[in-house]
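Enquirer: Take a look at the following structure, please.
The values are calculated or read from the model by the stated rules, or taken from the named source; none is laboratory data. Being a predicted model, the structure only gives us computed values, none of them experimental. Heads up, the Cβs are rebuilt from the backbone with ideal geometry, glycines too, and the neighbour counts pull from every protein chain shown. Accessible surface areas use protein heavy atoms only, side chains included; no ligands, DNA or RNA. Shrake-Rupley method; radii C 1.70, N 1.55, O 1.52, S 1.80 Å.
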Amino acid sequence: MTNNYELYKVFYWAAKTGSLTQAAKALYLTQPSVSHAIKQLEDSFGITLFYRNSKGVALTQEGAILYSYIEQSQILISLAEEKMAALKNLDSGELRIGGSDSLFKHYLLPYLEDFHQKHPGIRLHLNHGTTPEIIAFLKEGRIDLGVVRMPIGDSQLEVRESIQLQDCFVAGARYAELKDVVLSLDMLLQHPVILFSRNSRARMAITELFQSYGYTLKPEIEVGSVDLLIEFARKGLGISYVTREFVSKELEEGSLFEIQLDVRLPPSHVGLMIMRNMPLSSTASRFIELVR
């Protein structure tokens, strides 16, 4: 049978309207084309589907059975078309992003707020984790994109957008005597250092930097969140290693100050990471555009 779907569509409209003329109008076809399509369908089944009456056409008993199935399929197809249009217009759907708590709060939050305001119908799913966990989420298809610290050496992944961040050591009022003093790494290590407890990219980078100068960086205190790194430094429990952009408010108001060192701390980069050669959902594409 040639293009079943088109024949079923003609059958549906003829049955729905009870008129070959009305079916032809609805489908932008000629009436002979509609009659021919119905004859093709009847011939393929070897069954009469319609009989003519004074008003037009009516379904036979067999035609009514076929219509009960075709009607359901047409409703589903219409719903599918509506859903696709909604997804295209970003009226519905979901956006799944993976990242660390600190990157969500200090970097992505304004973008997420903006996106949610523009597309309130899109559900946001935020998956928290370390960089290896985020990479695993991406490969398992559990998220659309991940926000991670660079570099990432994985040929399956592609970085779409990146920003530069600067990590630094900060302290509170208790260490006021260190303000405006340039410290050597040796002098810094004479004070308690507070680091992020998980094996983060930032921690690995600073540990390697100290090693390159012949020092072992052993933290006095380890904490599980960036918020605690900030709070402990403010309370005077030690000198915290944080991302400068995440403490801009505290540096501005003066509850924390940046420790000056005689060595340069290298900047780090944060990237929006996706699976290479995998089509992006319209929601993920729109979000990346917004971040740009």
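Enquirer: Only one residue in Ala136, Ala173 is free of Cβ contacts under 8 Å to residues at least 40 places away in the same chain and hydrophobic (A, V, I, L, M, F, W, C). Which one?
Expert: Ala136
Enquirer: Might you check whether a residue that is free of Cβ contacts under 8 Å to residues at least 24 places away in the same chain and not acidic (Asp, Glu) occurs anywhere in the range 91-106?
Expert: No, there is no match, as no residue in the range 91-106 is free of Cβ contacts under 8 Å to residues at least 24 places away in the same chain and not acidic (Asp, Glu).
Enquirer: With the checklist (1) closer than 30 Å to Leu41 by Cβ; (2) surrounded by fewer than 17 Cβ atoms within 10 Å (Cβ to Cβ) in hand, flag the one item Pro110 doesn't pass.
Expert: (1)
Enquirer: Of all the residues that make up the range 149-173, how many are over 30 Å from Gly236 (Cα atoms) and not small (Gly, Ala, Ser)?
Expert: The number of residues fulfilling the criteria is 11.
Enquirer: Against the condition touching a residue at least 12 places away in the same chain (Cβ under 8 Å), out of contact with any Pro (no Cβ under 9 Å at 6 or more places or on another chain) and surrounded by 18 or more Cβ atoms within 10 Å (Cβ to Cβ), how does Leu185 come out, does it pass? Steps first, please.
Expert: Details: touching a residue at least 12 places away in the same chain (Cβ under 8 Å): yes; out of contact with any Pro (no Cβ under 9 Å at 6 or more places or on another chain): yes; surrounded by 18 or more Cβ atoms within 10 Å (Cβ to Cβ): no.
When the stated conditions are applied, Leu185 does not pass them.
Enquirer: Of everything in the range 119-129, what is in contact (Cβ under 8 Å) with a residue 12 or more places away in the chain and either out of contact with any Asp or Glu (no Cβ under 7 Å at 6 or more places or on another chain) or open to solvent by less than 30 Å² (accessible area, probe 1.4 Å) (or both)? Give them in sequence order.
Expert: If the condition is that a residue be in contact (Cβ under 8 Å) with a residue 12 or more places away in the chain and either out of contact with any Asp or Glu (no Cβ under 7 Å at 6 or more places or on another chain) or open to solvent by less than 30 Å² (accessible area, probe 1.4 Å) (or both), then His119, Ile122, Leu124, Leu126, Asn127, Gly129 are the ones that fit.
Enquirer: Restricting to the range 149-204, count the residues that are touching a helix residue (DSSP H, G or I) at 6+ places or on another chain (Cβ under 9 Å), modelled with pLDDT of 85 or more and of a type in the set (Asp, Glu).
Expert: 1
Enquirer: Just to be sure before I move on: is Gly141 of a type in the set (Gly, Ala, Ser), modelled with pLDDT under 90 and closer than 22 Å to Gln166 by Cα in the structure I sent?
Expert: No; evaluated as a whole, the condition is false for this residue.
Enquirer: Related question: Determine, yes or no, whether Pro132 is closer than 26 Å to Arg292 by Cβ, open to solvent by 60 Å² or more (accessible area, probe 1.4 Å) and of a type outside the set (S, T, N, Q).
Expert: It is false that Pro132 is closer than 26 Å to Arg292 by Cβ, open to solvent by 60 Å² or more (accessible area, probe 1.4 Å) and of a type outside the set (S, T, N, Q).
Enquirer: Working only within the range 119-141, note down all residues that are under 28 Å from Met84 (Cα atoms) and charged (D, E, K, R).
Expert: Arg123, Lys139, Glu140
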